[in-house]
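Below you'll find the structure, written out as structure tokens, and then a few comments.
The values are calculated or read from the model by the stated rules, or taken from the named source; none is laboratory data. Here the structure is a predicted model, which is why all the values come from computation and not from measurement. Counting neighbours? That spans all protein chains shown, and the Cβs are built from the backbone with ideal geometry, glycine included.
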Amino acid sequence: MHQQKLKTSYITLSDHLYITLDIIEQKWPNLLSLLLVLHLPLLFLEQILGYQNNYDLFFLLVYFIVTTLEWITLLIITEKTVLDEKVNLELALKRAFYKLKYRSINLIIMWVIYILLSLSVLSLIFLVGSMALMILGTIILILFYFLSESFAVILTWIFALIGMLGLFLIGVSILSYFYFFSEAIALRNSKWFDALQYSLNIVRGNKFKVIIRVCFLFFLSMLANLQTPSNFMPNFPLFETIIIILFGLVANFVSYIIRIIITVSFLNLDYLKNGFPKRV
């Protein structure tokens, strides 16, 4: 369906949205079933056990297994739809469970490594930022001596904003190289650091475009993680529970849309670099 477009050219943001909406239009029964079969019981379990604000190891384990299975299933449905291959929820779940069975440890460790890498980059940025502030403080003293106070304050804010923006872009630029490592594990069966290398290979040469998309998707993911405004609801526990569950379903469906957009982006870069896969 869309495979030739993804393989022959770097698609625009509007193409991403068009392909995503087309996938949703074709597969909405599967997506809705996935939401009700996997995520709805998880929301009920969260409410029944009272773990919404007090998670323990058991619930976190269940949450990881269910959400990872849900995510891999969505990846498989997305790529098979793009490749115009037949797929239903049962087939996608079986394939996702097989991948989860043999790739779960791989995913966990690589996610931890990516988080540590992110923290290391942020720490380095903080260190550089602190040094820059010291230099900026020296510049301010000089400006106060030679210029008026108001003009010095304006220049200080301009320098600070440019510096923060520059450091942010440097951090995102570094992390964007490895942004698709989890897709490489789930869809291409990459192992350990090969997943980081796989992501690096397909992002290289398209880093600036990926950075823009990463920032856009990060903003969307923040919207998908909004909490239910329970403080403004009537004090009826059953009503509040129903609203929380409904809100959770809607928020998770929004996360489906975001994940499909991310997957389409991965497929585009991957097909341009490596061609179509032998098997999904």
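If you go through the stretch 1-28 and keep only what is within 30 Å of residue 243 (Cβ to Cβ) and in contact (Cβ under 8 Å) with a residue 12 or more places away in the chain, you end up with 17, 20, 23, 24, 27. Of all residues in the stretch 9-27, exactly one satisfies the criterion of being of a type in the set (Phe, Trp, Tyr) and surrounded by fewer than 14 Cβ atoms within 10 Å (Cβ to Cβ), namely 10. For the stretch 68-86, state whether one or more residues are buried (at least 19 other Cβ atoms within 10 Å of the Cβ), outside any helix (DSSP H, G or I) and not β-branched (Val, Ile, Thr). Looking for residues that are buried (at least 19 other Cβ atoms within 10 Å of the Cβ), outside any helix (DSSP H, G or I) and not β-branched (Val, Ile, Thr), one finds none in the stretch 68-86, hence no.
Conditions: (1) modelled with pLDDT under 85; (2) within 23 Å of the chain's Cα centre (by Cα). Residue 87 meets all but one. Number of the miss? Of (1) modelled with pLDDT under 85; (2) within 23 Å of the chain's Cα centre (by Cα), only one is false for residue 87: (2).
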